[in-house]
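The values are calculated or read from the model by the stated rules, or taken from the named source; none is laboratory data. Because the structure is predicted, anything quoted here is derived from the model rather than measured. Methodologically, a virtual Cβ is constructed for each residue, glycine included, from the backbone with ideal geometry; neighbour enumeration extends over all protein chains shown.
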Amino acid sequence: MERHTRKHWLIVSLLMALSASASAGNTGASPPSDRFDLSPLQKNQSYTGFIVTYKDGSAERRNTAIAVQNVSAAVSRAKLAGGTRAAPRTLKVSYARKLATGADLVHIDRALSAGEAATLIRQIAADPAVAYVESEYMLQAVEDLRPDGAMAFGAPNDPNYAVYQWDYLAPNGAGFFDRALSANVANWGAANIQQAWALASGSGVTIASLDTGVTNHPDLNLSLANAGYDFIVSAATSGRATDGRVPGGWDTGDWIPAVNQCGMGARKSSWHGTHVFGTVGGEKTNNGVGLAGTAFGAQVVPVRVLGHCGGTNADVADGITWASGGSVSGVPANAHPAQVLSLSLGGPGACTSSSALGLAITGAVGRGATVVVAAGNSNANAANFSPASCAGAVVVAATGITSSRTFYSNYGSIVTVAAPGGGVYKNDASFGSQTTTGFIWSALNAGTTTPTTPTYGTMAGTSQATPHVAGVVALMQSYRLARGKALLTPAKITELVKSSATVPHVPPSASTPIGAGIVNAYAAVQAAGNQP
């Protein structure tokens, strides 16, 4: 096993900057209406794409040329111009593509400010043929916190994974030896996954991990990596030479070379997708090396929707549709439709039922897929983030080894359940000494830009909590199949995950609820098997 000795730094969540106060109110916008949504618009961002859903039976729905003509008329009404003050010109509208939800994506040939975008959205929505309109905006991996120094990873065989993976054990308060502290820590925050393996491994179930993709790693089951797909259209985001989507769910890197590129600082590649891929079930288990994955018997399909600077809501929505077995224009049918989708990503704004992400998740649930989404790392109400606030999603907050809500985790009434995400600091505090048990361990890569040497490492966040829950859902469905029973509906899965959850040893405050408790894999799998 490689030693993980790379120098890490503490990355404040990208979503920290996307607090509730930084959404629609900053652009003079109103809350989402039944015909448009301004809540994702941010003052420090610019916008060139708009997703327009035309009413069934309208000429615009059938004819893209008419759709472009009507958006051009809206640009004129909004009094938006290009060029210079001395030589203004009319902005040009071009047709990009039709989304799997039936909406049309159009592009403007000048980047608009949040205020200009809000004005244009209102003008587009004034067209009687329009059912709904929103901006095309970027979502990010719920970029997690990392150690501020190199944390040594020894060479445990995976049957001894408990040297690092406290999150898989029983939440009974037993002491777990923390190497950074050289002391035992009472483990109240684990997800009871080890006991669930006596009932199920995830066999027979397919999980789709929608993230940055996956890298080659000897301890990962990559049998469906080539069967995945890269849904990033823009070459600037994908890193490819030309625009367009390509087969395969491989992560080629998401580094940002320059400060202020896409509104963010320069950074190394995160390998975020590889880390969550391993946790949800991609880590080979009982193979004598490395670590363990939650639903290690499941097949995991990587779907790349995040690259340099993140990924658009349009691309993520199509990825959700395809991963769950839906049809996406220009993309071959998914030969391995997933029963579980894991999304450790998010962005600003409330998710409405008519938005691209809202429709995509509703469609996936309708096809029988359980969609598990990170609540976010902004220590804020998850209702103000998307896709966490989309109807039908299983929304996951993060807890640490003490079972308390982590200092960064989003919260709120829309949160379904919590799971181990790592509290970073001793006793799950908001500052202090970083600990081995403050993080979630999984596969990573040593490359700073493109992939190089496979390795292992740590992250902490709701991104890490989410694949735990997605893996537990796969275990639940796998146990059903092993007992000769039909798969449960997403609604029933959600009900059982909540009713079987562990009450936290350290309860959250009334103002920061984190759902029904901490996911309990063994109890959830048992409950699933007992359903008629």
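Couple of notes before you dig in:
- Selected residue (criterion: surrounded by the most Cβ atoms within 10 Å (Cβ to Cβ)) from residues of the stretch 363-411 that are among the aliphatic types (A, V, I, L, M), under 14 Å from the mean Cα position of the chain (by Cα) and in a loop (DSSP other than H, G, I, E, B): A375
- Scan of the stretch 285-307 for residues that are over 17 Å from V472 (Cβ atoms) and either touching a Leu at 6+ places or on another chain (Cβ under 7 Å) or at pLDDT 95 or above (or both), ordered by number: V301, P302, V303, R304, V305, L306, G307
- Options T242, T237: the member that is over 15 Å from A141 (Cβ atoms) and outside any strand (DSSP E or B): T242
- In the stretch 169-207, the residues that are surrounded by fewer than 21 Cβ atoms within 10 Å (Cβ to Cβ) and at positive phi: G173, S182, G204
- Residue pairs whose Cβ atoms lie under 9 Å apart, sitting 6 or more positions apart in sequence or on different chains, and linking a residue in the stretch 311-332 that is within 14 Å of G228 (Cβ to Cβ) to a partner that is part of a helix (DSSP H, G or I) and acidic (D, E), are V328/D318; V331/D318.
- Boolean, G49 is closer than 16 Å to N313 by Cα and surrounded by fewer than 17 Cβ atoms within 10 Å (Cβ to Cβ): no
- Condition met for V301 (without any contact (Cβ under 8 Å) to a residue 40 or more places away in the chain and either more than 30 Å from A198 (Cα to Cα) or part of a strand (DSSP E or B) (or both)): no
- Residue satisfying all of: in the stretch 451-488; small (G, A, S) and not in a helix (DSSP H, G or I); nearest to N379 (Cα to Cα) among these: G461
- Unmet requirement for A241, which otherwise passes all of (1) out of contact with any Ser or Thr (no Cβ under 8 Å at 6 or more places or on another chain); (2) over 30 Å from Y522 (Cβ atoms); (3) touching a residue at least 60 places away in the same chain (Cβ under 8 Å); (4) among the hydrophobic types (A, V, I, L, M, F, W, C): (3)
- Scanning the stretch 70-122 for residues that are among the hydrophobic types (A, V, I, L, M, F, W, C), farther than 30 Å from P332 by Cα and not in a helix (DSSP H, G or I) yields a total of 8.
- Residues being under 21 Å from the mean Cα position of the chain (by Cα), surrounded by fewer than 20 Cβ atoms within 10 Å (Cβ to Cβ) and small (G, A, S) - total across the stretch 236-264: 4
- Of all residues making up the stretch 328-351, the number that are more than 21 Å from K492 (Cα to Cα) and either buried (at least 24 other Cβ atoms within 10 Å of the Cβ) or within 16 Å of the chain's Cα centre (by Cα) (or both): 8
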